[in-house]
Amino acid sequence: MPSPKSSHGYGFGTAPVFLAAISTILGAVLFLRFGYAVANVGLVGSIAIIFIGHAITIPTALAIAEIATNLKVEGGGEYFIISRSFGTMVGGTIGISLYLSQAISVAFYMIAFSEAFTPLFGWIHSHTGIIPKTWMISIPATILLLFIILKKGADLGVAMLWIVVSILTVSLLMFFAGRIAAVPESGDIFRTVEKPDNFFLVFAIIFPAFTGMTAGVGLSGDLKNPRKSIPLGTLSATIVGMVVYILVVAKLSFSLTPVELAADQFAMGKIALWSPIIPIGLGAATLSSAIGSILIAPRTMQALAKDQIFPVAQINTFLSTGRGETNEPVNATLITAIIVLAFVSMGSVDIVAQVISMFFMITYGALCLVSFLEHFAGSPSYRPAFRSKWYLSLIGAIASFVMMFQMAPLYAFLSSIAIVLIYLYIKRGREQEYGLSAMVKGALFQLTRQLQILIQRSAGEITAANWRPSFLAISSSSITRLAPFDLLRWFAHYYGFGSFIHFVRGPLNEKTQIESREKLDQLIKIGTQSRAGIYVDTIISPSFKTAVAQIVQIPGISGMENNSILFEFHEDDHEDIVDIIEGCQFASVVDFNICVLRSSEWHFGYHKNIHIWLTPGDYRNANLMILISYIIMGHPDWKDCEIALFAAFEEKELNKEVNRLNKLIDKGRIPISQKNIQRVPWNTKEKTYEAIVCEHSDSADLVIMGFSLDKLTEEKGDFFKRFAKIKDVLFVRAGQKIIISDDF
């Protein structure tokens, strides 16, 4: 067992995530109610229920895997993921309902655990005269379980999971190894009992079987590498559970009649090699499910308290306090124990179980919804290492909310009202935060971007951590040189927006206006043919610098303020450099990021490699240069492109700077392999910068390097004329602070 670590709790691997999930998936409903399902909806109906249930749970599992690899997952599991994506107001609302579902689930499982002993009740009564009741088993067993977890914590809980999962495995193997009985008409996959319950009622009863796949996520604070363990453990448990479910209903259908299945909740025992193994398996399944829930519920409450969700500061302090280096949630476990015992004492939680299902459905729908919104918003800051598909997330969200009202309209309505009331309570006194509204704005930005282009052809505030490009490009050679047009459409393909402005030199009169309209028609045609997601326009002005002064002040067409500008000149034509320097000076006044493309006949070659050069003078420009290369690489034209990053520093600084770059690339989730971060010792007295760049990058399709505007002005643009052996070069100057990861 891993030694405790304060930063990662117990430092568990993937196995506990899988065990907690699979032990909850293969739980009480599998042993007690799958026979009822086959009896009432037949084999085909049962398999349909399994597939519909997994149409909700698999997208949810994929959404969890995706979101978990986009952020540093800490304690609190699903609550942490939701709150850090939606914000603490929405996250806290769902977190409270999720916690109650998890806590009351413990009581549900312990009552089901006592049902495993009902085959012995007749024997006990005949030998002792005592009429046994299920509460005689459920209450003492619950107290014992809570005592063990409270005393030993998650370490022992995970060890117990290994034992109960082993028993569960043996019971299922003996069930599958049992003889298939000779059943008349066993080939009729639609046969049911007379007057069967309707499909949605059966689905409502069976659905709790599908809710266990996120059980392992609650251990996030105790995992060594949650970004790896959560996706792998959750998805593997979900798939294994689905396969087992299908095999179980198939064997039940071909082995027993619907009447036999409906009459005996332990019908699986009639098929197994040894019938007592089914109650034993039920006991193991329910106990393991209870363990899984009692492990995660206190951790959810502890995470809620850490975020100050509860109304009294003293309560938050008490509940967030943990024990030891592993931060075991002792106080939260005590409160959970009281809730569990209260519901176990009631003896039946059938009505509460339906409400719990509603809250689980809300949680799953919310997780799928946030994944869908993040996909559709297209924010460069959303860079998960694992990606689901937006349509799967949308299907999961819709299925969750639709099935809620199909299962139990009254409970769905009451659950929705409860969620709204909790949200309004949490919202009181809290400042507006980043979360749901920001994602909605991002989605609307994407919609607006596409609508603006569509309208033209047919007739949020950006922060340093959430920067996206909104480029202006200006050129008087728009029709004859397509390099700047192509570069702009790569910038604006998915993550941002681009406006390409053709410059017409001269006074505003009828002649220049006609020329302007002709050029605009040509640009629209080029944009349509190239499927460029950019806006095109023209500007008439007496000089290039006055044109730049005008366009840097115009509002962004996309609804977002422009933040960057692109200039261009051909390597054989240096006459435009003077104008470009003046344009750079105007752009710097409004804090624009500046890119200057020196194009060539190479026209970006085969689009297979981009070289980025960093020097001691590029600290200001580094993040923009790296992020621009990542954005370009996202265009289909640059499919299979590789980015190479060259660090040119003095020998004594080289190791430190390369290590810094490795951390930046890793934490920022930028697809640059460490082998592609090249160390280039640079002795400024022995070799010029131009010489070392030409030595390493003469075959690159695009070279990106930084520049200083002051030095460029002082040298009258000489820097742009160097690097004769390099083909296409993009000179970059950052005018804004841009963050790739929290540490950089």
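Values in this text are rule-based calculations from the coordinates and carry no lab data. Just so it is clear, the model here is predicted, and its values are computed rather than measured. Cβ: placed from backbone, ideal geometry, glycine included. Neighbour counts: every protein chain shown.
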Practice problem: Under 19 Å from a label point 7 Å along Cα→Cβ of residue 189: give me every residue in region 255-270 with its amide N that close. | Solution: 255-258
Quiz prompt | Under 17 Å from the Cα of residue 427 - aspartates and glutamates, other chains or at least 8 residues apart | solution = 307
Quiz item: Starting at 0 and stepping by 20 Å, how many percent of the alpha carbon pairs of the chain end up in each bin?
Solution: 15, 39, 27, 15, 3, 0
Quiz item: If you average over every viewing direction, what projected area does the convex hull of the Cα atoms of region 600-677 give, in nm²?
Solution: 5.7
Quiz item: For the chain, what is the percent of antiparallel DSSP beta bridges, rounded to the nearest 5?
Solution: 10
Self-check item: Point-charge dipole on Cβ atoms (K/R +1, D/E -1) for region 566-639, about Cα centre, debye to 20
Solution: 620
Practice problem: Kindly provide the GluC sites (Glu not before Pro) of region 481-583 that DSSP labels as loop, not H, G, I, E or B, and whose Cβ sees at most 16 other Cβ atoms within 10 Å. | Solution: 561, 575
Quiz item: Which Cα, out of 443, 27, 100, lies furthest along the positive dipole direction of the chain (beta carbon charges, K/R +1, D/E -1)?
Solution: 27
Quiz item: Picking from 409, 368, 539, whose Cα lies most toward the positive end of the charge dipole for the chain (charges on Cβ: Lys, Arg +1; Asp, Glu -1)?
Solution: 409
Quiz item: When the helices in the chain are scored as -39500 (n - 2.57) per DSSP H run of 4 or longer and the sum is shared across all residues, what 222 nm value do you end up with, to the nearest 500 deg cm²/dmol?
Solution: -19000 deg cm²/dmol
Quiz item: Which whole number of Å³ per residue matches the convex hull of the alpha-carbon atoms in region 473-555?
Solution: 86
Quiz item: At residue 694 and residue 652, where each label point lies 7 Å from the Cα along Cα→Cβ, what is the point-to-point distance in nanometres?
Solution: 3.0
Quiz item: Measuring from centroid to centroid over Cα atoms, what is the spacing of region 498-543 and region 292-347 in Å?
Solution: 64
Self-check item: Interatomic Cα distance distribution for region 450-733, bins of 5 angstrom, percent
Solution: 1, 5, 12, 16, 19, 17, 13, 8, 4, 2, 1, 0, 0
Self-check item: Cα-projected label distance for residue 162 with residue 673, points at 7 Å along beta-carbon direction, nm
Solution: 3.8
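Report the Stokes-Einstein translational diffusion coefficient (µm² s⁻¹, integer) for region 241-296, Rh taken as the Kirkwood radius over Cα pairs, at 10 °C with viscosity 1.306 mPa s.
Value of D from the Cα-based Kirkwood radius: 126 µm²/s.
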Quiz item: Assigning unit charges at the beta carbon (Lys, Arg +1; Asp, Glu -1) and nothing else, what dipole magnitude in debye, to the nearest 20, does the chain show about its Cα centre?
Solution: 1380
Self-check item: Dipole of the chain [Lys/Arg +1, Asp/Glu -1 at C-beta], most positive-end residue of 703, 129, 554
Solution: 129
Quiz item: About its Cα centre, how strong a charge dipole does region 450-733 have in debye, to the nearest 20, once Lys and Arg get +1 and Asp and Glu get -1 at the Cβ?
Solution: 740
Quiz item: So how much slack lies between residue 518 and residue 721, counting 0.36 nm per residue of separation and subtracting their Cα-Cα distance, in nm?
Solution: 69.8 nm
Exercise. Rounded to the nearest 0.05, what FRET efficiency do residue 509 and residue 444 give with R0 = 41 Å and r taken as the Cβ-Cβ distance? Could you check?
Key: 0.55
